[in-house]
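Novice: Before I ask anything, let me first share the structure, which is written out below as structure tokens.
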Amino acid sequence: MNIKLATGLFIIGAALAPIAAHAEGDADRSHPGAFVKDSMITAKIKTKLAEEKLNTLVHVSVDTDARGMVVLSGHVRSGEFADRAIALARATEGVTSVTSNIRVSKDD
């Protein structure tokens with residue numbers, strides 16, 4: 001009986017191993033520290049935009065992942081505003097890369 005139980009548990013474990021391996025890819029996102037780090041980087045960038053009063057002139061969303069990769073998206077009134085928002089994000093502590101999906105539009 002113990003051999004049957006051990007064999008059954010082994011088979012179940014082997015069947016669940018791929019699921020556990022797939023879930024490991026998002027392990028850093030499930031840790032509360034990852035979300036705090038993401039939020040702090042996002043808050044720092046938004047604060048910099050507010051300090052330069054760019055937030056009143058542009059509509060930019062900031063999204064940060066667990067590895068410090070930042071994605072900026074939204075609309076700005078000129079290329080200068082987009083460039084400044086990107087520069088501020090790149091100069092923020094903890095940022096590893098910045099991807100810009102910002103579009104320039106005269107009509108806000």
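The values are calculated or read from the model by the stated rules, or taken from the named source; none is laboratory data. Since the model is a prediction, treat every value here as computed from it, not as a measurement. Note: ideal-geometry Cβ built from the backbone for every residue, glycine included; neighbour counts use all protein chains shown.
Novice: Here are Thr47, Thr92: which of them is surrounded by 16 or more Cβ atoms within 10 Å (Cβ to Cβ) and either among the β-branched types (Val, Ile, Thr) or in a loop (DSSP other than H, G, I, E, B) (or both)?
Specialist: Thr92
Novice: Which one of Ser61, Ser73 is part of a strand (DSSP E or B) and modelled with pLDDT of 90 or more?
Specialist: Ser73
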